[in-house]
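Participant: Take this structure, written in structure tokens, and hold onto it; I'll ask about it next.
Every read-out reported here was derived from the displayed coordinates using simple, explicitly stated rules and does not represent laboratory data. These figures come from a predicted structure and were not determined experimentally. Please note: Cβ atoms are built from the backbone with ideal geometry, for glycine as well, and neighbour counts cover all protein chains shown.
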Amino acid sequence: MGAHLEQQKQEKKQNLLQSAYALFMEKGVVKTSIDEIVQKANVAKGTFYLYFKDKKEILAALVEKTSYTILNEAYLYARAHDTNDFVENVIHFADYIVEYFKRNKLVLKLLERNFSWPTFEEGFKSSGDPLFRELMLALNASPFMKKHSPEEAFRLIFVLVEMCGSVCYASIIEERPGNIDQMKPILYDIIRKALQ
């Protein structure tokens, strides 16, 4: 009985997240009300408040979930296109992120400048996240690790992911200081230099 109740709770939470995501993508965050989210999720308004304090909190949950999904896809892409060159593999990772945002501008608008490594600190402390463990194994096997501690390496990767997200937002959404195709060579050159 307890497991079934827990599954129902998780389903309601997921319905709320999916409904909020669909409405935020369609109407934008500001123009979407909590009433619309619960109506689309087919739950009572009180149910919303069991899981989320307000619209800002559900947006934060969506940003974390979406960021993690993109980073996981980028890692799988880089792994599938392994070049046996750590730096170029990181470029593949970054390029997947850039190309994803080129194809999905609405997702980038939703994330704004909040695209980041969502479980960075928790993953680094516990190593419980499977993506974190995979990245750690790849990092530890790289020549880059001969010069850096694991903490330094992950901080650098964190900065590179943050930078990639910011450059994407500025150049894809705002087209400044140029479009993303003009910015990619600069971004990738900075990544290569940072990883030497």
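Participant: Can you tell me the 0 to 90 degree angle between the C-alpha axis of helix 150-168 and the longest principal axis of the chain, rounded to 10?
Facilitator: 70
Participant: Note the full-extension length gain between Gln10 and Thr83 as 0.36 nm times their separation in residues minus their Cα-Cα distance, in nm to one decimal.
Facilitator: Details: separation 73, 0.36 × 73 = 26.28 nm, distance 3.99 nm.
Between Gln10 and Thr83, full extension yields 22.3 nm more.
Participant: Still on this model: Can you list the aspartates and glutamates whose alpha carbon sits under 15 Å from that of Lys146, skipping same-chain ones fewer than 8 residues off?
Facilitator: Leaving aside aspartates and glutamates fewer than 8 places away in the same chain, those within reach of Lys146 are Asp85.
Participant: Using alpha carbon centroids, what distance separates the stretch 2-40 and the stretch 170-193, in Å?
Facilitator: 34
Participant: Right, another one. What nm value, rounded to one decimal, do you get for the distance between Gln196 and Leu131 when each label is placed 7 Å out toward the C-beta?
Facilitator: For Gln196 paired with Leu131, the spin-label model returns 3.0 nm.
Participant: Return the calculated 222 nm mean residue ellipticity for the chain, to the nearest 500 deg cm²/dmol, obtained by summing -39500 (n - 2.57) across DSSP H runs with n ≥ 4 and dividing by the residue count. Before the final figure, lay out the partial values.
Facilitator: Working: 10 runs with 144 residues, N = 196.
Taking each H run of at least 4 residues, the total per residue is -24000 deg cm²/dmol.
Participant: So what is the relative contact order of the stretch 8-165, in percent, for Cα pairs below 8 Å that sit 6 or more residues apart? Write out the running numbers ahead of the final one.
Facilitator: Working: 113 pairs, mean separation 32.6, N = 158.
Relative contact order for the stretch 8-165 comes out at 21 percent.
Participant: May I ask for the angle, rounded to the nearest 10°, between helix 55-80 and the longest principal axis of the chain, with both axes built from Cα atoms and the value confined to 0 to 90°?
Facilitator: It is inclined by approximately 40 degrees.
Participant: How large is the dipole of the chain about the Cα centre if only Lys and Arg carry +1 and Asp and Glu carry -1, each at its Cβ, rounded to the nearest 20 debye? Don't skip to the answer; put the middle values down first.
Facilitator: Details: 26 positive and 26 negative charges, 89 e Å.
The dipole of the chain has a size of about 420 debye.
Participant: Next question. Summarise the long-distance tail of P(r) for the chain by giving the % of C-alpha pairs beyond 21 Å.
Facilitator: Working: 11005 of 19110 pairs.
Tail of the P(r) past 21 Å holds 58 percent of the pairs.
Participant: Considering the Cα trace of the stretch 1-52, what is its radius of gyration and what is Dmax, both in angstroms?
Facilitator: Rg and Dmax of the stretch 1-52, Cα atoms, are 11.6, 39 Å.
Participant: Based on other C-beta atoms within 10 Å, arrange Leu156, Leu108 from fewest to most.
Facilitator: Numbers: Leu156 17, Leu108 21.
Listed from fewest to most nearby Cβ atoms, that is Leu156, Leu108.
Participant: Further question: I need His148, His92 ordered by Cβ neighbour count within 10 Å, fewest first.
Facilitator: On the way: His148 15, His92 18.
Fewest to most other Cβ atoms nearby, the residues stand as His148, His92.
Participant: I've got another one for you. Work out the charge dipole of the chain with +1 on the Cβ of Lys and Arg and -1 on the Cβ of Asp and Glu about the Cα centre, then indicate which of Ile91, Asn42, Ser142 is farthest towards its positive end.
Facilitator: Asn42
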